[in-house]
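The values are calculated or read from the model by the stated rules, or taken from the named source; none is laboratory data. Keep in mind the model is a prediction, meaning the values are calculated, not measured. Cβ sites come from the backbone with ideal geometry, for glycine too, and all protein chains shown count toward neighbours. Ligands, DNA and RNA are excluded from the accessible area calculation, which covers all protein heavy atoms including side chains. Shrake-Rupley method; radii C 1.70, N 1.55, O 1.52, S 1.80 Å.
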Amino acid sequence: MKKCDLIAKMAEKSGLTKKDAEKALNAFIETVTGALKAEDKIALIGFGTFETKKRAARKGKNPRTGEIINIPAAKVPSFKAGQGLKNAVK
């Protein structure tokens, strides 16, 4: 499902116009992004948790040349599905 499909579904289920559903989705995305940048954790009970995790520096291998390379440490976004979402998908 693409973003435009998601917006159409949100508008259909909520009774909002597509334009208002797009504003709501964009606001949600901006809010989650801002919170993750600030290293906050967002827990939506029954749906899941958005948070950032730290990935340690490590050694890697260039698949073309076989050369060993250093991969720097990074901060990555993470989503863990909640029990309600897991049960709904089963």
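Details
- Selection status of residue 46, more than 21 Å from residue 3 (Cβ to Cβ), open to solvent by less than 60 Å² (accessible area, probe 1.4 Å) and in a loop (DSSP other than H, G, I, E, B): yes
- In the stretch 76-90, the residues that are open to solvent by 50 Å² or more (accessible area, probe 1.4 Å) and either within 15 Å of residue 32 (Cβ to Cβ) or in contact (Cβ under 8 Å) with a residue 40 or more places away in the chain (or both): 77, 79, 80
Residue-by-condition table, conditions (1) basic (Lys, Arg); (2) at positive phi; (3) within 13 Å of the chain's Cα centre (by Cα); (4) part of a strand (DSSP E or B):
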| site | (1), (2), (3), (4) |
| --- | --- |
| 27 | no, no, no, no |
| 30 | no, no, yes, no |
| 33 | no, no, yes, no |
| 70 | no, no, no, yes |
| 79 | no, no, yes, yes |
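- Checking each residue in the stretch 9-38 for being among the small types (Gly, Ala, Ser) and free of Cβ contacts under 8 Å to residues at least 12 places away in the same chain picks out 11, 14, 15, 27, 34, 38.
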